[in-house]
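The values are calculated or read from the model by the stated rules, or taken from the named source; none is laboratory data. Being a predicted model, the structure only gives us computed values, none of them experimental. Counting neighbours? That spans all protein chains shown, and the Cβs are built from the backbone with ideal geometry, glycine included.
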Amino acid sequence: MEKAGLLPLRFVEESGTLLLIDQRKLPFQEEWFDATAFDDLLFSIKEMVVRGAPSIGVVAGYGHALNIARRVRQGASLQVIEADLESLLATRPTAVNLQYGARQVHKAFLQAFQEKSDSAAAALVEAHRLYQEVLDANYQLSRHGLSIVPKGASILTHCNAGPLAACGYGTALGVIRAAHYAGLEPQVFADETRPRNQGRLTAFELQREDIPVTLVCESMSGFLMKCGKIDLVVTGADRIALNGDSANKIGTYNLAVLASFHKIPFFIAAPLSTFDRVTTSGEAIPIEFRAEEEVLTFDGARHAPPGVKAINPSFDVTPSELISGIITEKGILRAPFEESIAAALFC
Ligand code: MRU
């Protein structure tokens, strides 16, 4: 019997409350963070109470809609609402879903505002629609992904692209979950993914469903590939350019290079909302640099000698020539990516 994944948010319609499962505290504590107030929303995205590109997008949509309702009640001007939107967009620069979610809600708001109808209600309707779009996309892309998973495959994944991050069935983990429930008996190696260790969330999500998972440090991936232990690599993405270059958690590029050397298929799984509809190549994707403290500490405890410096690029870009295919809700896109992506996005 298929288990439901743990979703990252609860929206309480009657009170207009936005609750987020605090992903910083999982897997040990299940605590809910109230992100209804605008400052708390900004904090929750910046500090990764909520994380993962599709989840950030859905939360940004609800958060912007709630803030619009508040501002409309206060009689605030359009300029004030748009300044808030800019603050929201600045919280995390790489995941394009944040832009997508917030801007779609803003578009719905503006249209109703110009038509002098209930603009706060229109914004909330769009936030609900976006959530449903993400749920559907997760599910559909996971089904499409079944075709690339051989029976008994040993799959390496990086970071966390399950229900918590993808706000639905999962993207990379959605493909793995679908394969598990289809009886394909996949086994998973989950990269720990320093410095934020999102691989622990992957291990947690897979373990809840009795999907065999082994946690590894990312430095072990070359060894595992060389020993013939990996049949397939599948990861999520945070932003995909029109030529297929894909930004994902730092270390994904290393895996793609290793997979290419070892002739192992390397797939990205992402909904169409993760595609950047104007950026033509990965060179133009903004990379978030986070605080060096995240590298100098482990779970909040300092482990580096005092005075040592660190850098913390949070994402890297995998060039499309290293990608075997991108699994989306419209099927698996393959090279030439300019053509397959354009057809999926614009036709
Ligand atoms: O910094 P994070 O934890 O938000 O980064 C998340 C990732 O890189 C995920 O792999 C990506 O968002 C895909 S989520 C389905």
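Exactly one residue out of Ser314, Ser324 is surrounded by 15 or more Cβ atoms within 10 Å (Cβ to Cβ) and away from the ligand (no atom under 14 Å from the Cβ), and it is Ser324.
Of all the listed residues (Tyr100, Tyr131), the sole one being crowded, with 19+ Cβ neighbours inside 10 Å, touching a Cys at 6+ places or on another chain (Cβ under 8 Å), in a helix (DSSP H, G or I) and aromatic (Phe, Trp, Tyr) is Tyr131. Counting only strands (runs of 3 or more DSSP E) that fall entirely inside the stretch 5-69 and contain at least 3 residues that are over 22 Å from Gln132 (Cα atoms), away from the ligand (no atom under 14 Å from the Cβ) and not assigned by TED's automatic domain parsing to the domain that holds Arg290, no element qualifies.
Tally time: how many residues in the stretch 138-157 are surrounded by 15 or more Cβ atoms within 10 Å (Cβ to Cβ) and either in a helix (DSSP H, G or I) or aliphatic (A, V, I, L, M) (or both)? Steps first, please.
To start, the set of residues in the stretch 138-157 that are surrounded by 15 or more Cβ atoms within 10 Å (Cβ to Cβ) comprises 138-145, 148-149, 153-157.
The next check asks that each one be either in a helix (DSSP H, G or I) or aliphatic (A, V, I, L, M) (or both); those that pass are 138-145, 148-149, 153, 155-156.
Number satisfying all stated conditions: 13.
Taking strands (runs of 3 or more DSSP E) as the structural unit, those lying wholly within the stretch 292-342 and holding at least 2 residues that are farther than 20 Å from Thr279 by Cα correspond to 331-333.
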